[in-house]
Number of protein chains: 2
Amino acid sequence: MSEGDKPLSTTPSSAKRADARRNERALLDAAASVFVTDGVDAPVRRIAAAAGVGMGTIYRHFPTRADLVVAVYRHQVDTCAEAGPTLLATAASPFAALRQWVDLFVDFLATKHGLAAAMRNDPDGFSALHALFIERLVPALADILGAARETGEVTADITPYQLIRAIGDICAGGERVDPEYDARLTIRLLLDGCRS
Amino acid sequence: MSEGDKPLSTTPSSAKRADARRNERALLDAAASVFVTDGVDAPVRRIAAAAGVGMGTIYRHFPTRADLVVAVYRHQVDTCAEAGPTLLATAASPFAALRQWVDLFVDFLATKHGLAAAMRNDPDGFSALHALFIERLVPALADILGAARETGEVTADITPYQLIRAIGDICAGGERVDPEYDARLTIRLLLDGCRS
DNA sequence: GAATATATGGAGCGCCGTTCCGCTTGGCAA
DNA sequence: TTGCCAAGCGGAACGGCGCTCCATATATTC
């Protein structure tokens, strides 16, 4: 069609249109609310309806479900990651800080029905979320784990990535309410297993 | 319709028709083969096609997917459960037997792509499989765990159910190939955490 | 006010699980 | 051997899903 030689006299596409920004915000708010009630597996249609937009709009702003999930939870993930140094400074020992930080992470997962499971079920689709975790959480845990290893509290040869994934998997299984099963107990035992 | 006073001269309905039995066998074989290649989440249509039967037939014999899965794996589950006493008798110690039995269970799960995940994702749908596990595997593990506790090798206050579920969850997460992650290492640490 | 890139919405497609019912067939009685 | 009929069968059909596509509407610029 076009020869594509149009000069760029208009504002370079860096600024989005006002309605586009408004819809993106509406989508984020709606998704956050729907995720709480219906879980992160909520039908795309429902999220679009809650935001009062059409299917096309949601896919334009968030090509994959993971993009939406990442956008919604990025702030909370950051908060969790940033708590690492603080805990390390205030806790009685690095291992205590490790326990507290893991608690924080578990709390985060616990309020996100199906998040951990969804990530596991569709790792490719949620690769962006996976990347966010690697990028923010793994380094935070690495610091704490390293400190605990320096004091000799942790001797097991486990990587931060392995540990955080194990915790995620265990939480994924514990999301379902079951009085017989307590994911936190399993995690406590796992942490104990990391000691000598 | 009928008044129900028909005398029972015919064979009581306990015996199924020959073609029905043939189809059930064909479905079991087809499902076992499809599960290996496509995972336990394989579309129902595909299984029906592989068995050369229609949709109605598969639902007639196995009203839920879990019924089919249970039928396919029951034998392997039994084998795993029955290995418990043998291991306990031959292993160097109850804790060693525990490790070996858990290895067996992990092997079983490892060859069933998506089994553990499927059970977690749809616990209601797979309640029959869940029941099979509780019925066969929990007692087997309980014996080993009890023996290990008697010798003082295991001190943690964990129930057999909790332990087997934790292992299942960890395997569910480790099913995806990922050179960075080794589910067996996590499980080893967890077992270590069960010791003093 | 006109022009145009940008953004929108929802119909439509393909895949899924599951149901339902008209047709087929195995097995028994006569 | 034949006729009968309940047990068994197949697959069309339905509703719900994720995702795409493009005619239409709108914000923005000149």
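The values are calculated or read from the model by the stated rules, or taken from the named source; none is laboratory data. Given the structure is predicted, the values throughout are model-derived calculations rather than measurements. In this analysis, Cβ positions are derived from the backbone assuming ideal geometry, glycine residues included, and neighbour counts consider all displayed protein chains.
So, in region A:49-90, how many residues would count as being surrounded by 19 or more Cβ atoms within 10 Å (Cβ to Cβ), within 9 Å of DNA strand D (Cβ to nearest atom) and more than 16 Å from the chain's Cα centre (by Cα)?
1
Could you check, for region B:118-134, whether at least one of its residues is within 11 Å of chain A (Cβ to nearest Cβ) and closer than 15 Å to B:Trp101 by Cα? Show your work before the answer.
Filtering region B:118-134 for residues within 11 Å of chain A (Cβ to nearest Cβ) gives B:118-124, B:130, B:134.
Keeping just the survivors that are closer than 15 Å to B:Trp101 by Cα gives none.
No, there is no match, as no residue in region B:118-134 is within 11 Å of chain A (Cβ to nearest Cβ) and closer than 15 Å to B:Trp101 by Cα.
What are the pairs with Cβ atoms under 8 angstrom where one residue, in region A:139-158, is in the same structural domain as A:Cys80 (by TED's automatic domain parsing) and the other, located anywhere, is in a helix (DSSP H, G or I) and among the basic types (Lys, Arg)? Sequence gap at least six, or different chains.
Final answer for the pair search is A:Thr155/A:Arg149.
Does any residue in region B:167-195 that is more than 7 Å from chain A (Cβ to nearest Cβ) come within less than 9 Å, Cβ to Cβ, of a residue that is modelled with pLDDT under 85 and part of a loop (DSSP other than H, G, I, E, B) six or more places away or on a different chain, and which pairs are these?
B:Gly174/B:Tyr181; B:Glu175/B:Lys112; B:Glu175/B:His113; B:Glu175/B:Gly114; B:Asp178/A:Pro123; B:Ala183/B:Glu175
Considering B:Arg184, B:Arg165, which residue is surrounded by 23 or more Cβ atoms within 10 Å (Cβ to Cβ) and either assigned by TED's automatic domain parsing to the domain that holds B:Phe108 or of a type in the set (S, T, N, Q) (or both)?
Numbers: B:Arg184 fails: surrounded by 23 or more Cβ atoms within 10 Å (Cβ to Cβ).
B:Arg165 is the lone residue from the list that is surrounded by 23 or more Cβ atoms within 10 Å (Cβ to Cβ) and either assigned by TED's automatic domain parsing to the domain that holds B:Phe108 or of a type in the set (S, T, N, Q) (or both).
For region A:111-118, indicate whether the set of residues that are over 19 Å from the mean Cα position of the chain (by Cα) and charged (D, E, K, R) is non-empty.
Pass one, region A:111-118, residues over 19 Å from the mean Cα position of the chain (by Cα): none.
No, every residue in region A:111-118 fails to be over 19 Å from the mean Cα position of the chain (by Cα) and charged (D, E, K, R).
Residues are listed down the side, and each one gets a yes or a no for (1) surrounded by fewer than 18 Cβ atoms within 10 Å (Cβ to Cβ); (2) aliphatic (A, V, I, L, M):
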{"site": "A:Ala97", "(1), (2)": "no, yes"}
{"site": "A:Trp101", "(1), (2)": "no, no"}
{"site": "A:Ser127", "(1), (2)": "yes, no"}
{"site": "A:Ala142", "(1), (2)": "yes, yes"}
{"site": "A:Ala156", "(1), (2)": "no, yes"}
{"site": "A:Gly174", "(1), (2)": "no, no"}
{"site": "A:Glu180", "(1), (2)": "yes, no"}
{"site": "A:Gly193", "(1), (2)": "no, no"}
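Taking region B:88-101 as the search range and keeping residues that are part of a helix (DSSP H, G or I) and touching a Lys or Arg at 6+ places or on another chain (Cβ under 9 Å), which one is farthest from the other protein chains (Cβ to nearest Cβ)? Steps first, please.
Of all residues in region B:88-101, those part of a helix (DSSP H, G or I) come to B:88-90, B:94-101.
Now restrict to residues that are touching a Lys or Arg at 6+ places or on another chain (Cβ under 9 Å): B:94-95, B:99.
On the way: B:Pro94: 18, B:Phe95: 13, B:Arg99: 13 Å.
Residue satisfying both the conditions and the ranking: B:Pro94.
If you check A:Leu163 against the conditions, is it closer than 22 Å to B:Ala156 by Cβ and at the interface with chain B (Cβ under 10 Å from one of its Cβ atoms)?
yes
More than 16 Å from DNA strand C (Cβ to nearest atom), in a helix (DSSP H, G or I) and under 21 Å from B:Leu189 (Cβ atoms): is that true of A:Leu132 in this structure? If you could, list the steps in order and put the result at the bottom.
On the way: more than 16 Å from DNA strand C (Cβ to nearest atom): yes; in a helix (DSSP H, G or I): yes; under 21 Å from B:Leu189 (Cβ atoms): no.
In short, no.
Of the residues in region A:144-179, how many are under 19 Å from the mean Cα position of the chain (by Cα), assigned to a helix (DSSP H, G or I) and among the charged types (D, E, K, R)?
2
Can you report the number of residues in region B:104-129 which are in a helix (DSSP H, G or I) and without any contact (Cβ under 8 Å) to a residue 24 or more places away in the chain? Spell out the reasoning first.
To start, the set of residues in region B:104-129 that are in a helix (DSSP H, G or I) comprises B:104-110, B:115-121, B:127-129.
This time we only want the ones that are without any contact (Cβ under 8 Å) to a residue 24 or more places away in the chain, so: B:107, B:121.
Number of matching residues: 2.
Condition first: within 11 Å of DNA strand D (Cβ to nearest atom) and away from chain B (no Cβ under 14 Å). Now tell me which residues in region A:35-48 satisfy that.
Result: A:Asp38, A:Ala42, A:Pro43, A:Val44, A:Arg45, A:Arg46, A:Ile47, A:Ala48.
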